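**Q** One structure is given below, represented as structure tokens, and several questions about it will come after.
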Amino acid sequence: MEHRIDFTLKPEIIENLQAFAELLKKDVSWVLENALEEYFAKVEKELLEKSMADENAMTNLDYDEFWEGVDFDD
């Protein structure tokens, strides 16, 4: 399914798109799709790593820190 989105690119980005499309013997749409797929994969990986780091930040106490202040004498 094909959708249209209107957006604006800087002239130097357009020049790069055209240059890479020509070098790769592909059309500009192919270059954009591949670049965006790589970008999405990179950002998704970064978000997953951040999520895991945030989760680990809540549970990264070592043994002594975890038990600090707990009174075992009843």
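Bear in mind that the values in this text are calculations on the coordinates, not laboratory data. Predicted, not measured: the structure shown is a model, and the values here were computed from it. Please note: Cβ atoms are built from the backbone with ideal geometry, for glycine as well, and neighbour counts cover all protein chains shown.
**Q** Subtracting the Cα-Cα distance from 0.36 nm times the residue separation, let me have the gained length for residue 56 to residue 12 in nm, one decimal.
**A** Here the segment from residue 56 to residue 12 would lengthen by 11.7 nm.
**Q** Oh, and also: By how many degrees, between 0 and 90 and to the nearest 10, does the Cα long axis of helix 28-57 differ from the longest principal axis of the chain?
**A** 10 degrees
**Q** Something else: Between residue 34 and residue 47, 0.36 nm times their residue separation minus their Cα-Cα distance comes to what?
**A** Full-extension gain reported as 2.7 nm.
**Q** Then there's this: For helix 11-24, what angle does its Cα long axis make with the longest principal axis of the chain, in degrees from 0 to 90 and rounded to 10?
**A** 80 degrees
**Q** Within the chain, what's the longest stretch lacking trypsin sites (Lys or Arg not before Pro) that sit in DSSP loops with no more than 15 other Cβ atoms inside 10 Å?
**A** It runs 27-74.
**Q** Using Cα positions and a limit of under 12 Å, work out the aspartates and glutamates in reach of residue 50, with same-chain residues fewer than 8 apart set aside.
**A** none
**Q** Using only alpha-carbon positions, what ratio does the radius of gyration of the chain give when scaled by 2.2 N^0.38 Å?
**A** That ratio works out to 2.16.
**Q** Can you give me the distance in nm between label points at residue 1 and residue 24, each placed 7 Å from the Cα along the Cα-to-Cβ direction?
**A** The modelled label-to-label distance comes out at 2.5 nm.
**Q** Just from its helices, what would the mean residue ellipticity at 222 nm be for the chain, if runs of 4 or more DSSP H residues each count -39500 (n - 2.57) and the sum is divided by every residue, rounded to the nearest 500 deg cm²/dmol?
**A** -22000 deg cm²/dmol
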